[in-house]
Amino acid sequence: NGTSVRGNNIIEYYGFYILGGQVDLGSYLLKIDTNGDTLATKYIPYPFGTYSYEAETGLKRYKQNKLIFFRNPINSSQHTYTDLFILDSNFNLIAEKEIIAPGFVRLQSIVIANNDDILFSGYSDYYGNFGNTDFYCVRTDSNLYSPPISVSQISGETPKDFSLYQNYPNPFNPVNNN
């Protein structure tokens, strides 16, 4: 019927298998038994119109009866974002988060920390600046909440005054000592 389907992932899931990938206008999850019989399906449409392709999806077992799924769609204007999902074993949505960034963003892996936080890692690159790729990691809790990054206060003391002195010798002209 002209539908394009691409499978990206398969994982063993407590005696079953979960397959994930992309169809023309969204992503899919498929739960099968060891005989290959379909037990459950889930279609997740893209939220913003049509997309040219989906570069990667990722799947990971999470706790008892939970599954983490991510996808990296690219729309027709070449803007990317990443969707994160936590689903139960019947593909009911538990939590969802969208990460939007300028340029090119790709998640590639999922790691579960000892405290059940979730680490997503990948890379990003701004358009027009290819070759300057940055690695990044997003850490979330079990509800996909990422706390804001902050600066810790070292001391409660405030200086009463300060002085700025000329630095000698000048590092740009070491012969100058005035």
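The values are calculated or read from the model by the stated rules, or taken from the named source; none is laboratory data. Here the structure is a predicted model, which means the values were calculated and not measured. Cβ sites come from the backbone with ideal geometry, for glycine too, and all protein chains shown count toward neighbours. These area figures cover heavy atoms from the full protein model, side chains too; ligands, DNA and RNA do not enter into them. Shrake-Rupley method; radii C 1.70, N 1.55, O 1.52, S 1.80 Å.
Given (1) assigned to a loop (DSSP other than H, G, I, E, B); (2) within 16 Å of Tyr14 (Cβ to Cβ); (3) modelled with pLDDT of 85 or more, where does Gly36 come up short, assuming only one miss?
Condition (2) is where Gly36 drops out.
Is it the case that region 89-102 has a residue that's farther than 30 Å from Thr38 by Cβ, modelled with pLDDT of 80 or more and surrounded by fewer than 14 Cβ atoms within 10 Å (Cβ to Cβ)?
no
Which ones in region 58-80 are open to solvent by 10 Å² or more (accessible area, probe 1.4 Å), at pLDDT below 90 and at negative phi?
Within region 58-80, Leu59, Lys60, Arg61, Gln64, Asn75, Ser76, Ser77, His79 meet the criteria.
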